[in-house]
Amino acid sequence: MKLPPLKSLPVFEAVARLNSFSLAAHELAVSQSAVSHQIKQLETYLGEKLFWRSGRTLTLTDEGRQYLESISSALLQIERASEQLLGHEESRLRLSVFSSFAVRWLAPRLPELQRTHPQVELSLEMSSENPVLSDRVADCFITIKPDSPAFSYELLYKERLFPVCSQDFWQRIRRELVLDDVSGDVDSVSLTPQQVALFPLLSTHSIYDKQGGDWEAWYQEAGLTLPASSRLLHSSHMLLSLEAARFHQGIALTNDYMLSTRKDSEDFVRLPCHTVMTGDEFFFAWKTSRRSERGIQLLRRWLVSAAISGGLRSD
């Protein structure tokens, strides 16, 4: 078996991750010259330049980036295999997840994960966009693009949108539509899309990547077009639209995981209207080569169980 100088591999990984020879030296508790020596030794063995150095600027070459992608997973597997043999039960995992999913669904459930699997130490890496599936980013992911053949996927949720408003705004709707002759229970009435259009509509740009795209899709689902007279209030993120709805600014389109706690069910009213599927499906993703890691499988099973018990996914 022909292997590179093994001592140089964690040094290379640290320099690439920290983008600095001095920071890597500090983390590894060695001198900066020792770090430089290890990188030079590795480059000599590989016959490739791994970093471009320009003054104080340090960047990976294309070859360095490709090499890092390959060895990061191997180093992690060596570390975890060694921990298992040493009897260390802890599983330290980095989970990359959409910020809205993390804040509204995952974070309130983390105490349950800690009680159920105290050996799993989870670090969240929040992202505003779909994460890049790479060990450099995280150990596992929640993604809407299951397109990497190197990864395995478990479905958690198929996204649907439905209109909600605050309790106070619901009372305004009842007054303006003269619904006082029916009970206050939202299930006792039915609102048409034309009636919904009479009130301010809180729109989220990020869902369909266009202003008003979410409400256009909602009206199209009913075989209608968004009325030209509609008053749209735009936000970049669903979290902002939902907060605007909480403070009585209008009607927002949201999804199931955004309203997944008891407190939220008390703050908002889900209007008696149709839903629209966005086409986005949320998957838990992990590298297939790491499928035997106990921590990843514990987290996978817990996420699936929580998604089922919370109504995101059917059993």
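Considering only Ala138, Leu155, Val120, the residue lying farthest towards the positive end of the dipole of the range 83-167 is Leu155, judged by Cα position with unit charges set on Cβ.
Can you say what percent of the DSSP beta bridges in the chain, counting only those with both residues inside, are antiparallel? Round to 5. Looking only at bridges with both residues in the chain, the antiparallel portion is about 60 percent. For the range 159-279, a crude dipole built from +1 on the beta carbon of Lys and Arg and -1 on the beta carbon of Asp and Glu, taken about the Cα centre, is about 200 debye to the nearest 20.
Entry note: the chain has Rg to Rh equal to 1.10, where both radii use alpha-carbon atoms and Rh is the Kirkwood radius. Take the chain and mark each of the GluC sites (Glu not before Pro) that is in a DSSP loop with at most 14 other Cβ atoms within 10 Å; the longest unmarked stretch, sites excluded, is 130-315. Annotation: extensible slack from Gln41 through Ser292 equals 87.0 nm (criterion: 0.36 nm per residue apart, minus Cα-Cα distance). Springs between Cα atoms under 10 Å define the GNM used for the chain, and in it the highest mean-square fluctuation of Asp280, Asp209, Asp267 occurs at Asp209. Only helices enter this figure: runs of n ≥ 4 DSSP H residues, each worth -39500 (n - 2.57), summed and divided by the residues of the chain, yield -11500 deg cm²/dmol at 222 nm to the nearest 500.
Considering only Ser235, Ser72, Ser54, the mean-square fluctuation computed in a Gaussian network model of the chain, springs between alpha carbons under 10 angstrom, is largest for Ser54. Rounded to the nearest 20 debye, the dipole magnitude of the chain is 840 debye, with +1 charges on Lys and Arg beta carbons, -1 on Asp and Glu beta carbons, and the Cα centre as origin. In terms of other Cβ atoms within 10 Å, Lys210, Lys2, Lys287 run from fewest to most in the order Lys2, Lys210, Lys287.
R0 = 41 Å: FRET efficiency of Ser314 with Leu18, Cβ-based, nearest 0.05? With a Förster radius of 41 Å, E is 0.40. From least to most packed, judged by other beta carbons within 10 angstrom and beginning with the fewest, Thr44, Thr254, Thr278 follow the order Thr44, Thr278, Thr254. Among the trypsin sites (Lys or Arg not before Pro) in the range 4-47, those located in a DSSP loop and surrounded by at most 14 other Cβ atoms within 10 Å of their own Cβ are Lys7.
Readers should treat all values here as calculations from the given coordinates under stated rules, not as data from a laboratory. Quick caveat, the model's predicted, so the values are computed rather than measured. Every residue, glycine among them, receives a Cβ derived from its backbone with ideal geometry; neighbour counts consider all protein chains shown.
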